[in-house]
Amino acid sequence: MNEYRSRWIENVAQALRLEAEERGIEPPEGEIVPATPPSTELGDLAFPMFPFAKTFRMNPAALAEAVVSRLERCEAGDAHAAGPYINVRYPRAAVAATVLESCISADTAYGHNRRFVGERVTIEYSSPNTNKPLHLGHLRNDALGESVSRILAACGADVRSVNLINDRGIHICKSMLAYQEFGNGETPESRGVKGDRFVGDYYVRYNEWAAEDPSVEDRAREMLRAWEAGDEEVVALWRTMNRWVLDGHAATYESTGIEFDAIYLESETYASGKTQIMRGLEEGKFLRESDGSVWVDLAPVNLDRKILLRADGTSVYVTQDIGTVLARYEDWPFDRMIYVVASEQNYHFRVLFYVLELLGYEWAGQLYHLSYGMVNLPEGRMKSREGTVVDADDLIAELRELAAGEIRSKNREAAVGDVEGTAHAVAVGALHYYLLQVTPSKDMIFNPKESLSFTGNTGPYLQYMCARINSMLRKADAEDIRPQPSAINAELLDAEVEWELIRLISRYPDVVEQAGIEYSPAAIAGYVYDLAKTFSGYYHDHPILAASDPSVRDARLVLARAILVVLRNGLELLNIPYLAIM
Ligand code: ARG
């Protein structure tokens, strides 16, 4: 449809030039920007004549008349004057035929565009610590990171998704110390719990213990020193416990469809950050205090000053991140890198990017912090044993329960077959849609019940719409009705809502492109919901399989099939499982 748009811009420009020539005036300059009429009934494009009225010394309505008389009806549609506007209508049947054909033949690739072809993008998301299970905040992080990766890939970028595991430091030593003290050699297997939960329990145990006996803090610090010195026993315990946590996290990722191309361990990269800071110090970019600590002055970016190396030479968080990003760049030189990290760390990333710039890395300007707000549950609901965070596995299990209950209460067990599997897919769909439909920077409340509603603006509603179209196509197939896009009579798709649907389908590649430019899964979410809702209204008023004329039925079936292609592709970009039956 974009070709028609450009054709008409050219047509109108040409007619304006001719008109000017005839009247012996300078042709108007500047770009011609068509507007979208308030309803498709009025037309598909509107050219306001106000901007040219002055040059022509004519009132806009008279100019519109004059220009229209120079525009011939052509295969790109027809134009008519409507007051000060020139309204253009596209040749609907021809457009419909092309759009349906290209959508259905591109199939899973429909919507892919070439916006970022040739660009290498590294995107980091999730990035947990190895002292506890993933929580609700990680679910928002993972949903965003996974979706943005998929969207950028659909825009042609070469995407590398990475996860940074903060696997060293005092917080890790705390769970290790509590395990040493109270563990009695038990293991996740012996207790029958997931490894991340198991270790998280010891972290909680540590905090209770330290509240009673402040001296354990010193023991934790001592353990960190032993770890840094490579103490065999401490390192062995660290290995074992980290493995337990990582296996647990991996199971959560698997259940939510989150994948990474590479994993970076802080323990393997943090040391190289120190070297960089020492180099910067020698080059006079940082300051050394009398106690030996190293600082960066952030006045040029309107911030205070920040410590980079402690007096005892141990590194801080930002120094670790310098080592990590260098390792990544070396492994796979990127054109840009996106960090999906909570807004609590906005300051951290400003410092990190500035320090990298000081250190002379010209790609520092290509680093971007995709910051997102907090997510909570409606008050008083499902607090973890620590009383603060909501465990990701618990939340998914609860959603799955609710979804399974829904399937049973609708007596859909036999129809769906695999009740547990379907309930899980519905749970993940509900979760991801709810988290992604909100602008990332905003704080939000995740409402489990609301997210699962089959009728609202939700993931399950979209999954259900796909299942309904699927069931219709299956029925048609069983009756040997398999119309091909090239064989339908698109003139029969003459209802206004059918034209709206065609326009929506044709817009999809632009929506994906825009979502890629803005890192905005919410743009895709809003779009697929519009499409599903428009289709639902259409389907309600226009029988498809039951249409009395077989040619009408075939045309409508092809339209429905194209809508299914777009919904499925859109859900894929949001990491919402597609269900053929629900
Ligand atoms: N593990 C950190 C935390 O839980 C987040 C890491 C974010 N990524 C980074 N490159 N600093 O707070």
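Numbers at a glance
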quantity	calculated
Accessible-area order (highest first, 1.4 angstrom probe) of the listed residues S102, S290, S161	S290, S102, S161
Cα gyration tensor of the range 51-126 - equivalent ellipsoid semi-axes, whole Å, descending	41, 22, 10
Förster-model FRET efficiency, 51 Å R0, E362 and E401, C-beta, rounded to 0.05	0.45
With all protein chains modelled, accessible area of K274 [1.4 Å, Å²]	50
For the chain: accessible area per residue (Å², 1.4 Å)	45
E496 versus D394: modelled label distance in nm, points set 7 Å from Cα along the beta carbon direction	5.2
Degrees separating the helix 92-106 axis from the principal Cα axis of the chain, which is the longest one	30
Prolate/oblate/rounded call for the range 487-582, Cα gyration tensor, a/c under 1.5 rounded	prolate
Calculated FRET efficiency for the pair R288/V235, C-beta based, R₀ 30 Å, to 0.05	0.45
Positive-end residue, the range 435-512 charge dipole about Cα centroid, Cβ charges, pick of T439, I469, A487	T439
Accessible-area order (highest first, 1.4 angstrom probe) of the listed residues M374, M337	M374, M337
Trypsin sites (Lys or Arg not before Pro) within the range 404-471, DSSP loop, no more than 13 other Cβ atoms inside 10 Å	K410, K442
Folded to 0 to 90 degrees: helix 392-409 orientation relative to the chain principal axis, Cα	50
Cα centre as origin, Lys/Arg/Asp/Glu Cβ charges: the range 67-111 dipole, Debye	240
Dipole-positive endmost among G77, N131, I258 within the chain (Cβ charges, Cα centre)	G77
Apportionment of accessible area to carbon and sulfur, the chain, percent (1.4 Å)	48
The range 459-523: GluC sites (Glu not before Pro) in DSSP loop, at most 16 other beta carbons within 10 Å	E479
Nitroxide proxy distance, nm - points 7 Å out along Cα→Cβ at Y347 and V301	1.3
For q = 0.10, 0.13, 0.17 Å⁻¹, Debye-computed log10 I/I(0) when each Cα of the range 125-246 counts as one equal scatterer	-0.38, -0.59, -0.86
Exposure rank, largest accessible area first [T324, T439, T40; 1.4 Å]	T439, T40, T324
Extension gain (nm, one decimal) between E228 and R310, 0.36 nm per residue minus Cα-Cα	28.0 nm
Computed accessible area, C155, all protein chains, 1.4 angstrom probe, square angstrom	0
Qualifying trypsin sites (Lys or Arg not before Pro) for the range 35-103 [loop in DSSP, other Cβ within 10 Å: at most 11]	R57, R73
Cα-Cα over 31 Å, subset of K410/K442; K285/K442; K132/K306; K132/K449; K410/K475; K274/K442	K410/K442; K285/K442; K274/K442
Solvent accessible area, Å² - E283, 1.4 Å probe, full protein context	90
Net dipole in debye of the chain [+1 Lys, Arg Cβ; -1 Asp, Glu Cβ; about Cα centre; nearest 20]	820
Between 0 and 90°, nearest 10: helix 317-331 axis offset from the chain longest Cα axis	60
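The values are calculated or read from the model by the stated rules, or taken from the named source; none is laboratory data. None of these values were measured; they are calculated from a predicted model. Neighbour counts run over all protein chains shown; Cβ positions are idealised from the backbone, glycine included. Each accessible area value is taken on the protein alone, full model and side chains, heavy atoms only, with ligands, DNA and RNA left out. Shrake-Rupley method; radii C 1.70, N 1.55, O 1.52, S 1.80 Å.
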